[in-house]
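Below is one structure, written out as structure tokens, with a few remarks after it.
The values are calculated or read from the model by the stated rules, or taken from the named source; none is laboratory data. Computed from a prediction, not measured in an experiment: that's the story for all the values here. Positions of Cβ are generated from backbone atoms using ideal geometry, with glycine treated the same way; all protein chains shown enter the neighbour counts. Note: areas computed on protein heavy atoms with side chains; ligands, DNA, RNA excluded. Shrake-Rupley method; radii C 1.70, N 1.55, O 1.52, S 1.80 Å.
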Amino acid sequence: MRAAIVCAALIASGVVVRAQDPAWPAFDVVSIKPTQPGARGTSFGSRPGGRWTMTNRTISTLIRAAYPTPVNELFGAPAWVTSDPYDADARAGESVPEEQIMLMLRRLLAERFKLRMHYETRELPVYALVIAGKDGKPGAGLVPSTIDCEAVRAARQAGRTYEGPAPANGAPPCAWTSEYASNGPTTRFGGLPLSRLSESLGQPDGRVVIDKTGLTGNYEFTLRYTDKTAPTDDTPSLFTALQEQLGLRLLP
């Protein structure tokens, strides 16, 4: 049993409608447009000065940011919500707490896309992300992070540059990036819990991935794999890459 987001209605529209809760705060300026063809790289999240941006991501990313759940599953949304990439830039005009950003995103979805939603619990086949080794230890590529993420978030909210240590793999502190090449993605985590890895993997074979490693804390790592149907020795499949690079595996 697991929580899921059920979209009662979601359509592309420029018509402004009433938000689900008139008490929700609103962004001062919002821009949402399709990503330019051929764009590479992806990012999303809060920025200094009360901004929330998204680059080369689907609208499902925006929904999940506004309505977080342990597995972030969506039901009832049109296919384009999880397939068509968009760029978004929403500005509040001043620094605001993360909780307020979430409410602003909810209002944005209600006004720009006529989103109505509710939470449900459903039983569906999933993949559990578990430790591959019998000794219960992760692979050497999974490095515990010592970065103070509260300090990172405080610096970002204040519009300051974080002066602390940076991840050795080039990832942003307490965030993750995914770069796409012709043979597949390279994902870099700079100090986040493994539940975020489950989220970033999407739905391999149509199954949602749930973190069952039992590992707590934040981690830094790089995961490189192919999303093509024919893996090569140089670029393994997701299942092989998880085991070889991080000491993890997906268990149906």
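The lysines whose alpha-carbon is closer than 20 Å to the alpha-carbon of Lys114, local same-chain residues fewer than 8 away aside, are Lys33.
Just by accessible area at a 1.4 angstrom probe, what is the order of Val126, Val96 from largest to smallest?
Numbers: Val126 35, Val96 10 Å².
The residues order as Val126, Val96, largest area first.
Restriction of the trypsin sites (Lys or Arg not before Pro) in segment 157-228 to DSSP coil positions whose beta-carbon has at most 13 other beta-carbons within 10 angstrom yields Arg160, Lys228. The translational diffusion coefficient of the chain, from Stokes-Einstein at 4 °C and 1.567 mPa s with a Kirkwood hydrodynamic radius over alpha carbon pairs, comes to 67 µm²/s.
By how many nm would the segment from Ser83 to Tyr119 grow when fully extended, if each residue of separation counts as 0.36 nm and the alpha-carbon distance is taken off?
Working: separation 36, 0.36 × 36 = 12.96 nm, distance 2.20 nm.
That works out to 10.8 nm of additional length.
Averaging the sequence gap over all C-alpha pairs within less than 8 Å and six or more residues apart, then dividing by the number of residues, gives segment 178-252 a relative contact order of 31 percent. Here the calculated FRET efficiency for Thr69 and Leu251, from their Cβ-Cβ distance with R0 = 22 Å, stands at 0.55, rounded to the nearest 0.05. Angle of helix 98-113 to the longest C-alpha principal axis of the chain, folded into 0 to 90 degrees and rounded to 10: 70°.
Between Asn56, Asn218, Asn183, the GNM of the chain built on Cα springs shorter than 10 angstrom shows Asn183 fluctuating the most.
With the convex hull drawn around the C-alpha atoms of segment 171-218, the volume per residue stands at 72 Å³.
Among Trp52, Trp176, Trp80, the largest mean-square fluctuation in a Gaussian network model of the chain, built with springs joining Cα atoms closer than 10 Å, belongs to Trp80.
Extension gain, Arg160 to Ala26, is 45.8 nm, computed as 0.36 nm per intervening residue step minus the present C-alpha separation.
With 5 Å bins from zero, work out the P(r) of segment 123-252 over every alpha carbon pair and list the percent per bin. Per 5 Å bin, starting at 0, the Cα pair percentages come out as 2, 10, 19, 22, 19, 13, 8, 5, 1, 0. Express the carbon and sulfur contribution to the solvent-accessible surface of segment 60-152 as a percent, rounded to the nearest whole number, probe 1.4 angstrom. That fraction is 51 percent.
Taking the chain as a Gaussian network of alpha-carbon nodes connected by springs under 10 Å, the highest mean-square fluctuation of the residues Ala88, Ala230, Ala77 belongs to Ala230.
Tell me the per residue accessible area of segment 139-252 using a 1.4 Å probe; a whole number in Å² is fine. All intermediate terms of the calculation are to be shown ahead of the outcome.
Values: 5830 Å² over 114 residues.
Roughly 51 Å² per residue, with all protein chains present.
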